[in-house]
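Engineer: So that we are looking at the same thing, I have put the structure below in structure tokens.
Each value in this text was obtained by applying a stated rule to the coordinates, not by laboratory testing. In this text the structure is predicted, and so the values were computed from the model without any measurement. Glycine also receives a Cβ, built like all others from the backbone with ideal geometry; neighbour counts cover every protein chain displayed.
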Amino acid sequence: MIFGEGGERRTLAALASELGLEARFALPGRRDDLEDIYPLLDIFVLPSSREGVPLALLEAMSGGVACVASEVGGIPGVLSGAGVLVPPGDEDGFVAAIRRLVEDGDTRMELGRLARVRVLERYAVEIWGERMLAIYRAAARPEGGGGAGSGTRKI
């Protein structure tokens, strides 16, 4: 299953047809209910060439899905040890990682469990919100500590 309406959708559909994979391949397009779908998946793959901290990855992880993703941007910090990282553009690496997880259900299940724990421990809304508030509070403190001042700080 490949979700979204990206520019390669038609190419992917044609390739699936050419390879006779229509029965095993789906392009459901844009979905606004992915939080309900992620837990139904076995593997989530994010082959991005550049990213920050992708919400789709965090959502898949929170659904307990084993993840394979490019080693770019903020992804290694999120996924390291709780999923499989592959150098960007390494098609053979992605194929090998996916194949390994398809063939090794125990590893796939354990990575899904680790991914869920990682998100709940580090990226839950409450935790993320507290981190952001701490940054704003620190930025609002007057330079030099707790003295009276304008409430602004040089950056």
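Engineer: Can you list the equivalent-ellipsoid semi-axes of the chain, largest first and in whole Å, using the square root of 5 times each Cα gyration tensor eigenvalue?
Structural biologist: Taking √(5λ) for each Cα gyration eigenvalue gives 38, 18, 15 Å.
Engineer: Round to the nearest 0.05 the FRET efficiency obtained for ARG113 and ALA140 when R0 = 35 Å and r is the Cβ-Cβ distance.
Structural biologist: Rounded to the nearest 0.05, the efficiency is 0.35.
Engineer: Also: Quick one: dipole size for the range 18-141, taken about the Cα centre, charges +1 on Lys/Arg Cβ and -1 on Asp/Glu Cβ, in debye to the nearest 20.
Structural biologist: Charge dipole, the range 18-141, about its Cα centre: 600 debye, nearest 20.
Engineer: If we count every other residue with Cβ under 15 angstrom of ARG116's Cβ, Lys/Arg +1 and Asp/Glu -1, where does the sum land?
Structural biologist: -1
Engineer: If the elastic network links every pair of Cα atoms under 10 Å, which of GLU110, GLU91, GLU130 fluctuates the most in the Gaussian network model of the chain?
Structural biologist: GLU130
Engineer: If you plug each phi of the range 73-81 into the Karplus form 6.51 cos²θ - 1.76 cosθ + 1.60 with θ = phi - 60°, what whole-Hz ³J(HN,Hα) values come out, in order, with x for Gly and Pro?
Structural biologist: So the J values, rounded to whole Hz, are x, x, 4, x, x, 7, 9, 3, x.
Engineer: Let me ask another. Among TYR123, GLY63, PRO87, whose Cα lies farthest out toward the positive end of the dipole of the range 33-140, if unit charges sit on the beta carbon of Lys, Arg (+1) and Asp, Glu (-1)?
Structural biologist: About the Cα centre, the residue reaching furthest to the positive side is TYR123.
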